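Trainee: There's a structure below that I have some questions on.
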Amino acid sequence: MCGIVGILSTTKKDVSLYIYDALTIIQHRGQDAAGITTASKGRFYMRKGNGLVRNVFRTKHMEKLIGDMGIGHVRYPTAGSSSEAEAQPFYVNSPYGIAFAHNGNLTNAESLASELFEQDLRHINTNSDSEILLNILASEIAEEQKHRINENDIFNAVTKLHKRVKGAYAAIGMIPGYGIFGFRDPHGIRPLILGERTTRNGTKYMLASESVGLTALGFKITRDVEPGEAIVIDRKGNVHSQQCSDNSILSPCIFEFVYFARPDSIIDKISVYKSRLRMGERLAIKIKSEWQYEEIDVVMPIPDTSRTSALQVANELNLKYREGFIRNRYIARTFIMPGQKQRKKSVRQKLSAIELEFKDKNVLLVDDSIVRGTTSQEIVQMARAAGAKKVFFASAAPPVRYPNVYGIDMASKNEFVAHNKTTEEVCKTIGADKLIYQNLDDLIWSVQQGNPDIKSFDCSCFDGNYLTKDIDEPYLNNLEAQRSDNAKLGNISNESSELIYNDAD
């Protein structure tokens, strides 16, 4: 999962500080690496590296990032490795010079890499599928053999790209001397939003992964980029758009609403905050129908993402809502820790229990989801140690049983606590007295109410239905084998990939 930003200004003033601020706002989408590339007088200026935005960029770096247009990226690796060489944006010199940033994951990256070498005569220097996507685009643009580029050349290239590429991709690019552009895959799995900010000196245009990246900087939301659509903004501030796919059906990733997106974001006209309220409402209805909920004394969220749903659960059940866990915001995100023992240690460093809220009470803990279960198990133990009589656990999402291949680091089904287990078996594994999951239909309803025009969502990690129709058991086995090989080579750690879905920043 990554975050992308692109800004073009007609005021002729540098945009790097706006990009920096936008990246800090969407930092929750990636904490492994960050990068900014700007353009001025036909030249690129770039700074990127591993770490948080505030650590990668210093004043001396920002002073060198000159130019009235630029793109930025924050990265959490789901393909390739965590090498600094794979930090984005990427760029190619030919044709014209193109800088590029991508959020998502290509499912046919392996065959595309061979195709690029054998047919397009292009060299790929990293293991990143983002570099593959950039070179596919560059190759298609180069086919036009034109001295000067225009918006139609980009639209034609993106149209051809859609026919070659499978998977999830929201991408932003920049051509020095011309402008910026963005496009989204035909399913619209990953989000991309257009906005603008007009002053008496001119207008700034922004493309970003989440609306909060726009609104927090005073930009007005124009609209979401449609699935399969490409948008081009030239240096004069002209905004061009075109549908570049014949088979576009908006099916956004439902996990954006469960966990990844900030609650104050609006994606595809859907309020993330209101979606999570409805998740809590539906979860409470299920608890009423299946449990004797009167024995619950208090409802508590597992900070931070589940707060909205937990509050609504408490309201619907007419129970007390309490903050039983206090989060230390100065501890790094748990899933990037190098091993199981370190992760468990970090959970206890990150969260501390308020004993008076637990002592001699039957507690209902609400989390946004349960993936591998190690954190849930640790938190249940913390609740018992703080004096809870009984610990009930509720997940605002259904059981995660299938790998996510579209840009979320959930590649191995054998790592999922719910794989080949009943709810009762998962409950026993995490050590709770009772466990309840959201129904998938209720989750879909909770999100869909925000935009009834959306008829389908990517729910593949819950139901195993892959939108691109190219995912089968051999593919998943190969993916798992690659993951194991990367771990042996030191590119990633099987243990360090643990996603802890309770600590979105």
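Trainee: Of the residues that make up region 435-445, is at least one of a type outside the set (S, T, N, Q) and in contact with a Leu (Cβ under 8 Å, 6 or more places away or on another chain)?
Mentor: Within region 435-445 (the criterion being of a type outside the set (S, T, N, Q) and in contact with a Leu (Cβ under 8 Å, 6 or more places away or on another chain)), the answer is yes, since at least one residue qualifies.
Trainee: Among all residue pairs at least 6 apart or on different chains, which show Cβ distances below 6 Å where the first residue, located in region 204-233, is in contact (Cβ under 8 Å) with a residue 60 or more places away in the chain and within 22 Å of residue 12 (Cα to Cα) and the second is open to solvent by 20 Å² or more (accessible area, probe 1.4 Å) and among the hydroxyl-bearing types (Ser, Thr, Tyr)?
Mentor: 233/205
Trainee: Now for a different question. Among 41, 48, which is the only one that is among the charged types (D, E, K, R) and over 27 Å from residue 184 (Cβ atoms)?
Mentor: Result of the check over 41, 48: 41.
Trainee: Report every pair of residues separated by at least 6 positions or lying on different chains whose Cβ atoms are under 9 Å apart, first residue within region 403-429 and free of Cβ contacts under 8 Å to residues at least 40 places away in the same chain, second open to solvent by less than 10 Å² (accessible area, probe 1.4 Å) and charged (D, E, K, R).
Mentor: Between residues of region 403-429 that are free of Cβ contacts under 8 Å to residues at least 40 places away in the same chain and residues that are open to solvent by less than 10 Å² (accessible area, probe 1.4 Å) and charged (D, E, K, R), there is no close pair.
Yes or no, residue by residue, for (1) crowded, with 21+ Cβ neighbours inside 10 Å; (2) modelled with pLDDT under 95:
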{"position": "368", "(1), (2)": "yes, no"}
{"position": "381", "(1), (2)": "no, no"}
{"position": "393", "(1), (2)": "yes, no"}
{"position": "419", "(1), (2)": "no, yes"}
{"position": "424", "(1), (2)": "no, no"}
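Trainee: Given the structure, is residue 373 more than 21 Å from residue 313 (Cα to Cα), over 29 Å from the mean Cα position of the chain (by Cα) and without any contact (Cβ under 8 Å) to a residue 60 or more places away in the chain?
Mentor: no
Trainee: Check 106, 121, 116 and return the single one that is farther than 30 Å from residue 256 by Cα, in contact with a Lys or Arg (Cβ under 8 Å, 6 or more places away or on another chain) and not small (Gly, Ala, Ser).
Mentor: Of the residues listed, the single one that is farther than 30 Å from residue 256 by Cα, in contact with a Lys or Arg (Cβ under 8 Å, 6 or more places away or on another chain) and not small (Gly, Ala, Ser) is 116.
Trainee: If I ask for residues that are within 25 Å of residue 179 (Cβ to Cβ), in contact with a helix residue (DSSP H, G or I) (Cβ under 7 Å, 6 or more places away or on another chain) and of a type in the set (Ser, Thr, Tyr), which ones from region 229-288 would you list?
Mentor: Scanning region 229-288 gives a single hit, 245.
Trainee: Cβ-Cβ under 6 Å, sequence separation 6+ or interchain: first residue in region 242-260 and within 27 Å of residue 150 (Cα to Cα), partner β-branched (Val, Ile, Thr) and crowded, with 24+ Cβ neighbours inside 10 Å. Which pairs?
Mentor: These pairs meet every condition: 244/158.
Trainee: Any residue that is buried (at least 24 other Cβ atoms within 10 Å of the Cβ) and at pLDDT 95 or above - is there at least one of those in region 40-47?
Mentor: No, every residue in region 40-47 fails to be buried (at least 24 other Cβ atoms within 10 Å of the Cβ) and at pLDDT 95 or above.
Trainee: Somewhere in region 387-403, is a residue under 24 Å from residue 444 (Cα atoms), touching a Phe, Trp or Tyr at 6+ places or on another chain (Cβ under 7 Å) and polar (S, T, N, Q)?
Mentor: Scanning region 387-403 turns up at least one residue that is under 24 Å from residue 444 (Cα atoms), touching a Phe, Trp or Tyr at 6+ places or on another chain (Cβ under 7 Å) and polar (S, T, N, Q).
Trainee: With respect to the numbered conditions (1) under 20 Å from residue 470 (Cβ atoms); (2) assigned to a loop (DSSP other than H, G, I, E, B), which one is the sole condition not fulfilled by residue 95?
Mentor: Just one mismatch for residue 95, condition (1).
Trainee: Examine region 184-192 for a residue that is open to solvent by less than 10 Å² (accessible area, probe 1.4 Å), of a type in the set (Lys, Arg) and not in a loop (DSSP other than H, G, I, E, B), and state whether such a residue exists.
Mentor: yes
Trainee: Here's another thing I want to ask about it. From the residues in region 350-366 that are in contact (Cβ under 8 Å) with a residue 60 or more places away in the chain and in a strand (DSSP E or B), which one is most open to solvent (accessible area, probe 1.4 Å)?
Mentor: Looking at residues that are in contact (Cβ under 8 Å) with a residue 60 or more places away in the chain and in a strand (DSSP E or B), I get 362.
Trainee: To continue, here is another question. Based on what the data block shows, is residue 435 open to solvent by less than 10 Å² (accessible area, probe 1.4 Å) and outside any loop (DSSP other than H, G, I, E, B)?
Mentor: Spelling it out, it is not the case that residue 435 is open to solvent by less than 10 Å² (accessible area, probe 1.4 Å) and outside any loop (DSSP other than H, G, I, E, B).
Trainee: Considering every residue within region 184-195, establish whether at least one is modelled with pLDDT under 95 and acidic (Asp, Glu).
Mentor: no
Trainee: Same structure, new question: Enumerate the pairs (first residue in region 432-443 and hydroxyl-bearing (Ser, Thr, Tyr); second residue anywhere and not in a helix (DSSP H, G or I)) with beta-carbon separation below 6 Å, excluding pairs fewer than 6 apart on the same chain, so at least 6 apart or on different chains.
Mentor: 437/395; 437/398; 437/399
Trainee: When you scan region 211-306 for strands (runs of 3 or more DSSP E) that lie fully inside it, which ones turn up with 2 or more residues that are crowded, with 23+ Cβ neighbours inside 10 Å and modelled with pLDDT of 95 or more?
Mentor: Result: 229-234, 298-301.
Trainee: Looking at (1) free of Cβ contacts under 8 Å to residues at least 12 places away in the same chain; (2) open to solvent by less than 20 Å² (accessible area, probe 1.4 Å), which is the one condition that is false for residue 173?
Mentor: Single failed check for residue 173: (1).
Trainee: When region 376-427 is examined, which residues are found to be over 21 Å from residue 438 (Cβ atoms), of a type in the set (S, T, N, Q) and either assigned to a loop (DSSP other than H, G, I, E, B) or over 28 Å from the mean Cα position of the chain (by Cα) (or both)?
Mentor: Scanning region 376-427 gives 381, 412.
The values are calculated or read from the model by the stated rules, or taken from the named source; none is laboratory data. All values derive from a computational prediction rather than experimental measurement. For neighbour counting, all protein chains shown are included, and Cβ atoms are generated from backbone atoms with ideal geometry for every residue, glycine included. Each accessible area value is taken on the protein alone, full model and side chains, heavy atoms only, with ligands, DNA and RNA left out. Shrake-Rupley method; radii C 1.70, N 1.55, O 1.52, S 1.80 Å.
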